[in-house]
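A.B. asks: Next up is a structure, given as structure tokens.
What follows draws every value from the coordinates through simple rules; no lab data is involved. Note that the coordinates shown come from a computational prediction; the quantities given were computed from them, not determined experimentally. Don't worry about glycine lacking a Cβ; one is built from the backbone with ideal geometry, like all the others, and counts go over all protein chains shown.
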Amino acid sequence: MKIELQRVNNAFHFEAKNENKKTINIDASPTIGGNDNGFRPMELLLAGLGGCSGIDILHILKKQKIEVEDFVIKIEDSRKNEQPAIFETIKVLFEVKGDVDEAKLKRAINLSMEKYCSVTRILEKSATIEYSYKLNS
């Protein structure tokens, strides 16, 4: 895996590009001189957690021939009030809609969050990760 970041402006805006030429914009907060032209680095970590676990969960359910109509992942964090301001707690809510067996959904979520999701495994070394789900609500 290779990622390249190219500075876009004279402030803090970068464009990150992967080997397949897909891009993500990264920028700093206006409070330090950024222009809000992209995700902040810590937001990318949370997005990575959501993407990693979401892919795992959908993949597990798909193998069981369970089709999900809608899937939203909401993530909130709290960070330490010292430098570095690392994550202290990360709360993940999986909102799933469809004809989904609740026991299978719960098992898929647990497998992702406790075994398969690499991002979760990394972040849990420094933060408490709590997760829950809502089915058809």
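A.B. asks: Let me know the Rg and Dmax you get for the stretch 82-137 when you use only its Cα atoms, in Å.
C.D. replies: In order Rg, Dmax, the Cα atoms of the stretch 82-137 give 13.5, 46 Å.
A.B. asks: State which entries of LYS65/LYS91; LYS62/LYS97; LYS22/LYS115; LYS63/LYS125; LYS63/LYS97; LYS62/LYS91 exceed 20 angstrom in Cα-Cα distance in the structure shown.
C.D. replies: On the way: LYS65/LYS91 28 Å; LYS62/LYS97 14 Å; LYS22/LYS115 28 Å; LYS63/LYS125 30 Å; LYS63/LYS97 17 Å; LYS62/LYS91 25 Å.
Exceeds cut-off: LYS65/LYS91; LYS22/LYS115; LYS63/LYS125; LYS62/LYS91.
A.B. asks: Restricting to DSSP H runs of at least four residues, report the calculated mean residue ellipticity at 222 nm for the chain, -39500 (n - 2.57) per run over all residues, nearest 500 deg cm²/dmol. List each step's numbers first, then the result.
C.D. replies: Details: 3 runs with 39 residues, N = 137.
So the calculated ellipticity at 222 nm is -9000 deg cm²/dmol.
A.B. asks: Ok, one more. What number, in percent, do you get for the relative contact order of the chain if the mean sequence gap of Cα pairs under 8 Å and at least 6 apart is divided by its residue count?
C.D. replies: Details: 225 pairs, mean separation 25.3, N = 137.
18 percent.
A.B. asks: How much of the DSSP bridge set in the stretch 21-137 is antiparallel, in percent, rounded to the nearest 5?
C.D. replies: On the way: 10 of 19 bridges.
Antiparallel: roughly 55 percent of the beta bridges in the stretch 21-137.
A.B. asks: Please enumerate, by chain and number, the lysines with C-alpha under 26 Å from the C-alpha of LYS17, excluding those fewer than 8 residues away in the same chain.
C.D. replies: List returned: LYS2, LYS74.
A.B. asks: Can you list residues from other chains, or at least 5 along the same chain, whose modelled amide H is less than 5 Å from the amide H of TYR133?
C.D. replies: Correct list: PHE94.
A.B. asks: Now, a different point. Hand me the GluC sites (Glu not before Pro) from the stretch 37-86 located in a DSSP loop with no more than 13 other Cβ atoms within 10 Å, in residue order please. Don't jump to the answer; show the numbers that get you there.
C.D. replies: On the way: sites: GLU43, GLU67, GLU69, GLU76, GLU82; in loops: GLU67, GLU69, GLU82.
Those satisfying the criteria are GLU67, GLU69, GLU82.
A.B. asks: May I ask for the distance between the Cα centers of the stretch 5-60 and the stretch 99-137, given as a whole number of Å?
C.D. replies: 23 Å
A.B. asks: What size of dipole, in debye to the nearest 20, comes out for the chain about its Cα centre when the only charges are +1 on Lys and Arg C-beta atoms and -1 on Asp and Glu C-beta atoms? Don't skip to the answer; put the middle values down first.
C.D. replies: On the way: 21 positive and 21 negative charges, 88 e Å.
Dipole about the Cα centre, nearest 20: 420 debye.
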